[in-house]
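Worksheet for the structure shown next.
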Amino acid sequence: MMGSPTILQWIIGAITLASALLVILGRNPIVSAISLMATMFATGLLYFSLGAHFIGVVQILIYAGAISVLIIFIVMLLDLRPTRVNIPGRAPVYVLSLVAGATFFVAAIFSVLPLLRAVGIGPLGNGQQPEEISMQLLSKYMIPFQATALLLLAAVMGVVVLGKKNMMSERIAKGAKKS
Amino acid sequence: MITQLQFLVGIGLALFSIGILGFLVRRSGIIALMSLELMLNGVNLCLVSFSKHHGNAEGSALVLLIVLVAAAEAALALSLFVSLFRQSGSVELDDFRLLKG
């Protein structure tokens, strides 16, 4: 890792943070979803600027391509209204959340970043090529890699079960109406 | 002057903090899911920066696994929200206090 961040990285980083803020500040869920997509793209560009091309491609394909489109699709399908604002009795929760988030950010920044300055310049190894990543995945991390296959299978089965009518979801909704 | 590593880890931490904030403040389930994705993104950015810094691929392998898990989680969460919305017409988390939390 050499030198200070380039101008391009400053710009992409600013875009990342701005669109991430828009995700949580937007009243309309569609605005949030599209900002999320922009955040994913900008993070992928940061990976490219870092030289981690494979991870950048994966980020743009899976996050910006698949997950964001899925979220936008669901938001449009459900036709969500802009969320309620100024719910009475929630102001303390907002303040506490803000304090918690800001405290975490400041504590993390001030404890981690000075340590990183002392680390200095790392070795020049690349370590981001697809063959190196797959060597790791197929030797040292073989078991976790295969476990994700099981996880994806379980997720597919779960989605099929949840997608059916008159099952779990109806029971949950009945409980929600009663309470 | 900050180094590139500090810059990228700082952005990752900021993404994570924004995710925490969104998760705590927003009451819509879908926005909570998006905040979760933001947090995962921040962690991934830190992992890739450290992996690049140390010159080995283990962090990147971990990021690949995280992306897979996040995809499965997003699919499951969204189908949960669809069935909740179909049954009760809302995805606001406050409407589903079944366990009286």
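For the reader, a short list of remarks on this structure follows.
- Residue A:42 more than 7 Å from chain B (Cβ to nearest Cβ), among the small types (Gly, Ala, Ser) and buried (at least 19 other Cβ atoms within 10 Å of the Cβ): yes
- Segment A:10-22, subset surrounded by 20 or more Cβ atoms within 10 Å (Cβ to Cβ) and either of a type in the set (Val, Ile, Thr) or not in a helix (DSSP H, G or I) (or both), residue nearest to the other protein chains (Cβ to nearest Cβ): A:16
- So residue B:76, is it within 7 Å of chain A (Cβ to nearest Cβ), out of contact with any Ser or Thr (no Cβ under 6 Å at 6 or more places or on another chain) and surrounded by 19 or more Cβ atoms within 10 Å (Cβ to Cβ): no
- Filter result (among the charged types (D, E, K, R) and more than 7 Å from every other protein chain (Cβ to nearest Cβ)) within segment A:127-153: A:131, A:140
- The residues of segment B:51-69 that are buried (at least 19 other Cβ atoms within 10 Å of the Cβ) and among the small types (Gly, Ala, Ser), listed by number, are B:51, B:57, B:59, B:60, B:61.
- Qualifying residue in segment A:33-44 (condition: over 26 Å from residue B:49 (Cβ atoms) and without any contact (Cβ under 8 Å) to a residue 60 or more places away in the chain): yes
- Residue in segment A:92-100 that is within 18 Å of residue B:14 (Cα to Cα), at the interface with chain B (Cβ under 7 Å from one of its Cβ atoms) and either at pLDDT below 85 or in contact with a Phe, Trp or Tyr (Cβ under 7 Å, 6 or more places away or on another chain) (or both) present: yes
- Positions within segment B:64-79 being free of Cβ contacts under 8 Å to residues at least 40 places away in the same chain and either more than 13 Å from the chain's Cα centre (by Cα) or within 13 Å of residue B:30 (Cα to Cα) (or both), in sequence order: B:64, B:65, B:73, B:75, B:76, B:79
- Of all residues in segment B:34-63, those satisfying the criterion of being in contact (Cβ under 8 Å) with a residue 24 or more places away in the chain, facing chain A (nearest Cβ under 7 Å) and within 17 Å of residue A:65 (Cα to Cα) are B:37, B:41.
- Residue check, residue A:25 surrounded by fewer than 18 Cβ atoms within 10 Å (Cβ to Cβ), within 14 Å of the chain's Cα centre (by Cα), under 20 Å from residue B:42 (Cβ atoms) and within 10 Å of chain B (Cβ to nearest Cβ): no
The values are calculated or read from the model by the stated rules, or taken from the named source; none is laboratory data. Just so it is clear, the structure is predicted and the values come from calculations on it, not from any experiment. Reconstructed Cβ throughout: ideal geometry from the backbone, glycine too, with neighbour counts over all protein chains shown.
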